[in-house]
Every structure is written in C-alpha cells, then in structure tokens.
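Bear in mind these aren't lab numbers, they're just calculated from the coordinates by the rules spelled out. On a predicted model such as this, the values are computed, not experimentally measured, just so you know. Here the Cβ is made from the backbone with ideal geometry for all residues, glycine too, and neighbour counts use every protein chain on show.
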C-alpha cells in the first residue's frame, strides 16, 4: 500500500494529494514551492523513501482560464 497518492498536473503542480494516516504524521509539505512548476518535484523530494503512487497527469484548475478548459471537457 502506498503512503501517498499524487495526481500530477501538467503545469508541474498537483491536482490531488492523498496521504495515509502514517504519512499525515509527517506531512511532505515543508519547503514546497506552491503554485510553481516545482511543486510536484518538491513534494516528491519530501516523500523520498516512502511508497508513493502516481495517478495520471491531468490539468488542474488554477484560474478562470483553466476552469473554462476543464469545464469544456466535462460530460454530464
């Protein structure tokens, strides 16, 4: 079982972060450069040595333009 599950975003960030109870005791968020192309790399560096599962890369929603792009692909 993975201690962390990450959903990487196309812009270098994350669209999902899931942590087990064990991983939440020492969360991997120290010194993360949030909202930058380095976010995923920083979190992965903090998770070194822990079992980490990666989901497929998707676009995350950061602003109105990305919301419009993601919304246009949704099917209801």
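Quick notes on this one:
- Taken over the chain, the convex hull of the Cα atoms encloses 106 Å³ per residue.
- Of the beta bridges in region 4-73, as assigned by DSSP with both residues counted there, near 55 percent are antiparallel.
- Exposure proxy order (Cβ contacts within 10 Å, fewest to most) of 36, 52: 36, 52
- Mean separation of Cα contacts under 8 Å, 6 or more apart, over the residue count of region 4-73: relative contact order %: 40
- Residue exposure sequence - 74, 16 - by fewest surrounding Cβ within 10 Å: 74, 16
- Using the Cβ-Cβ distance between residue 22 and residue 68 with R0 set to 25 Å, the FRET efficiency from 1/(1 + (r/R0)^6) comes to roughly 0.05.
- Estimated from the Cβ-Cβ distance and a Förster radius of 25 angstrom, the FRET efficiency linking residue 31 and residue 56 is about 0.40.
- Between 0 and 90°, nearest 10: helix 64-73 axis offset from the chain longest Cα axis: 80
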